[in-house]
Structure formats: structure tokens, C-alpha cells
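The values are calculated or read from the model by the stated rules, or taken from the named source; none is laboratory data. Being a predicted model, the structure only gives us computed values, none of them experimental. Heads up, the Cβs are rebuilt from the backbone with ideal geometry, glycines too, and the neighbour counts pull from every protein chain shown.
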Amino acid sequence: MEIVIPIVAAVVGIAAGAGGIFAYNKHNENGGKDKADDLVRKAKHEASEIVLNAKKEATSIAEKSQSEENERRKEWKRTENRLAERETALDAKLDQLEKKTEKLNREEKEIEELKNEIREIRDKQHEKLEKIAGLSKADARDKLMKMTENDIKQDLVNLVAKEQKEIKHDIDETAQAMLLTAMERMSSEVTADRTVTALKLPDDDMKGRIIGKEGRNIQALQRATGVDIMVDDTPGMVVLSSFDPIRRQVARYALERLMKDGRINPASIEEAVAKGEKEIEKEVVRAGEDAVREVGLVGIPRELVHLIGELKFRTSYGQNVLLHSIEMAHVAGMIAEEIGADKRVAKTAALMHDMGKAVTHKIEGKHADIGAELAKKYGMPDEVVHAIAAHHDDIEATTPEAVIIKICDAMSAARPGARNISAENFAERMRDLENIATGFPGIDKAYAISAGREVRVIVEPKQIDDLSALKLARDIANKIEATMSYPGVIKVNVIRETRAIEYAK
């Protein structure tokens, strides 16, 4: 661009000169020769100055360009020199690395050769030792292990017994303190429910109305409610018998309504039973809401609240399941607070742990699995679902809250007066405990005592040593856990006695 400017100036000068010549010729034509000459001289002078300036500027630009070109060439030369120096240095480093690599390879080869020599020497020494001792390496190892085992067996027995005693002492004290604190703060009813309900008749005439002509009224009532109605067994009383508490409650409500109204016929029976079912439904909802409110929980889905309310009409060995669940929730909350577990998870799982019993007749499966599936279905946390599923050891309890639910369930079900257990069931459980213990080898006698809370096992001292006795106690306890259902804890007490008798004559 800088070179173009002087060229343009020169062209302009030439054009000005040409313009002057043209003006001169025109002036001659018009008779103004003098002025034309002046104009021509002036135009030539200006053109010469423009050309001169253009030449100077072009020369200056050319010199500047040449200087820049020379500077760039020098910079390129310096860059080439630096690259050459770096290349030389890299070549030197590569040579050094190759030499070090070769040296390392030689040293590794020498080390491997030394290892092989050492292995050969060791094998030869082992062969010589085996020839001298007359034993192979495996035989010598087994003999050494047996000697060591015999030397330290008694020490191990004493150490294990000491550690177990110390651990048991600390654990028992801590657990007892927590449970006692929870039980002292919790008080609830323990009266067992029955499978029959008795209603008092106002007079003997009412008994005839209930039976009806040819027994049609009592038959209609039994069909509508599914409850056995006995009017002749107890004087002045009507006995309702059914294993389903809800059906029994519906029948009681319907019969009370019929006796109060006085009109007893198949049509009024159907109406009374329908109203009884509606009343029981309201009572179920009310019982569930009261239970959730008493425990102090919020955000429980309405469907689960309904199932909790149905537990009011369920019993387990005569124990009301809803009262049992509420009691467990209070105790679980207190224990969780003591040990730093999640109090809400513990109370929620405790209240819902037997929820599967409310639908056992509708869905097949164990009530723990059913309850866990229902809790999961309605969006309860995974910790609550796991605690419900694990409360009967169907799966292993892996969270503190799940262990708390197991403890509370056993404690609430096992305390005196909570459940009715028949003498036959009790005797059968005692026999099962003794049979499990005597099923192991080396057992002389076994006795179930303390109402099935302890099993005393007497072993043959020649067959079972002290270390084996510890293992035997654990094996018996594991088998009891795996094969029997029982509330609370069963103690396994293995007794080994050695007597030495001699007579002095």
C-alpha cells in the first residue's frame, strides 16, 4: 500500500503535465500563448516535485522492508540453532537411557540366576533334612501343628472362656439396663383375648325369637355372619364363636341391634348385619388412626392405617395384635433413642411389623413377607421394609432398627400373661428342645428347664473335650434357632465332668 501511493502521485503529476500541455494548446488556439507557457512550466515543476517525493518514499519503504527481512532471517537462524541444540541433547539422553536399560536387563538376569541357585540349594537342604528326619515336609508340618495344638489347646480354652465371660458380662449389663429402662417407662394391658363372645339375653322369650320358626332366624344369622351361635349351652346367654374376630364383632353388633329392636326375621337380620359391617369398618379406621396418633407418627398412607386398624380384631396366642404393636412401638422408640438409632424408623416398623396378619386370609405367604411387601408397595422407606421382613429371622437383620424390632417382639410376646399357650404345646416345645440336643454325638443326657428357657446338656467327657464343648453349645443353639419358633432367648448350657475314682485298701 505504501509503494502504491508514490506511483499514484507520479501518475497524478504526469496527468497534471498533460493537462498543462492540453491547456497550452487550447490557449494557442485562443491566442493566450504566454499564460499557457506559464501554466506548462508550473505543471512540469509540480510534476517533477511529485515524482521526486515518490521516489524518495519508495526508496525509504524498500529500505525498511529489507531491514525487516534481514531481522526475520536472523530470528529464523536463531530458532534453527535452538532446535538443533535440543535435538542433540535428546539424542544424548536417549543414548543414556539405552545404556541404563541394557544394564538393568543384565542385572535382572543375574538376579534371576541367583534366585534359581538359591531354590536349588533350598530344595537340596530339604531333601537332606527329610532323609535325616525320616519325615516328608507335609508330615513334619502336620506333626508340628499337632504338637503346637496340644500345647496351646488349654490356653485357648481358658482364653475363649474368659473373653466370652467378659463380653457377656458387659453386653448383659448394657442390654439389661436399656430393656429395664424401656419396660419401666412402658405400661400396657396384657389381658388375652378369647375366641368367643357372650351376650346376655333380656328374657327367655328372646331366645325363641333368635332361634325362629324351625330355626330359620338363627340359620340366617349364621349364614350372614359366618359365626357359630349357641343359645342352649349357657342359661340366659347367647355365645358367639369364631376364630375371626371381625366376624364375631359384626355378629355381636347385629344381634344387639336385633334384640334392642325386637323384630327378628331374615330381612331384619340382613339389614342388621349390613349396618354392623359398616360400623365395624368405621371402628377399624378409628382404631388405626388412634394407634398412629398414640405412637406419634405422621404421614402414614391411609391404606396402611386401615390395615393397622384391622389388627384390633386379630389375636396371636390370645394376645391382641394391635395392642402388642402399639406396645412394641413405644418400647422400640425408647430403645432406639438410647442407642442412637433412627427413632421414627423403629417406631414405624414396630407398629407395622404384624400388618401382614390383617390380610393373611387374602394373600398367601408369611405375615412378615406380606407386611414388608405392603409397606414397600405404599412407599415406606427401605429401612422400615427390611425391619418388618426380618423380625422373625426369615432374613438376616442388618440394621440396628431391625434388631430392635426383633428384641421388642420377643419381649412383648414372652412376658407373663401376654399369651395363652396350651399345656400340650408347652410340653411339645420342651420335648423338641431335648430331642434337638440329644441328636448330636457325644451327648449323655439333655434336660429342658426354666419353662423352656434353658437346655442343660450333659456330655460324655471321653468323647467331648473342653474346646469341643464350646463348639457343641454353639451348634445346638444354631439348630434351635433354625428349627424352632419361640419367644425370647433359650440358654444352652453344656456340662462336661471328669471324675477320677480310686480306692485305698
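Here are the numbers for this structure:
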read-out	value
Condition met for residue 161 (modelled with pLDDT of 70 or more, in a helix (DSSP H, G or I) and within 30 Å of residue 410 (Cα to Cα))	yes
Criterion (in the same structural domain as residue 314 (by TED's automatic domain parsing), β-branched (Val, Ile, Thr), closer than 20 Å to residue 200 by Cβ and touching an Asp or Glu at 6+ places or on another chain (Cβ under 9 Å)) met by exactly one of 284, 239	239
Unique match (being among the small types (Gly, Ala, Ser) and without any contact (Cβ under 8 Å) to a residue 24 or more places away in the chain) among 276, 215, 236	215
Identity of the residue in the stretch 307-330, at negative phi and hydroxyl-bearing (Ser, Thr, Tyr), that ends up modelled with the highest pLDDT	325
Residue within the stretch 406-429 that is among the basic types (Lys, Arg) and at pLDDT 90 or above present	no
Total residues in the stretch 294-339, condition surrounded by fewer than 19 Cβ atoms within 10 Å (Cβ to Cβ), touching a residue at least 24 places away in the same chain (Cβ under 8 Å) and either small (Gly, Ala, Ser) or not assigned by TED's automatic domain parsing to the domain that holds residue 249 (or both)	3
Sole residue being in contact with a helix residue (DSSP H, G or I) (Cβ under 6 Å, 6 or more places away or on another chain) and either buried (at least 20 other Cβ atoms within 10 Å of the Cβ) or not in a helix (DSSP H, G or I) (or both), chosen from 220, 251	251
Residue within the stretch 221-236 that is assigned by TED's automatic domain parsing to the domain that holds residue 413, under 30 Å from residue 308 (Cα atoms), among the acidic types (Asp, Glu) and over 44 Å from the mean Cα position of the chain (by Cα) present	yes
Qualifying residue in the stretch 355-365 (condition: among the hydroxyl-bearing types (Ser, Thr, Tyr) and closer than 19 Å to residue 302 by Cβ)	no
From the options 402, 349, 387, 358, residue that is more than 18 Å from the chain's Cα centre (by Cα) and without any contact (Cβ under 8 Å) to a residue 60 or more places away in the chain	358
Filter pass, residue 304 being outside any helix (DSSP H, G or I) and either among the β-branched types (Val, Ile, Thr) or at negative phi (or both)	no
Candidate set from the stretch 252-273 (those that are touching a Leu at 6+ places or on another chain (Cβ under 8 Å) and either free of Cβ contacts under 8 Å to residues at least 40 places away in the same chain or of a type in the set (D, E, K, R) (or both)); member that is nearest to residue 332 (Cα to Cα)	252
Total residues in the stretch 463-483, condition closer than 19 Å to residue 158 by Cα and loosely packed, with under 14 Cβ neighbours inside 10 Å	2
Condition broken by residue 202, with the remaining ones in (1) at pLDDT 75 or above; (2) surrounded by fewer than 10 Cβ atoms within 10 Å (Cβ to Cβ); (3) outside any helix (DSSP H, G or I) satisfied	(2)
Condition met for residue 314 (within 28 Å of residue 243 (Cα to Cα) and among the basic types (Lys, Arg))	yes
The listed residue being in contact with a helix residue (DSSP H, G or I) (Cβ under 8 Å, 6 or more places away or on another chain), part of a helix (DSSP H, G or I), under 14 Å from residue 224 (Cβ atoms) and not aliphatic (A, V, I, L, M), out of 270, 283	270
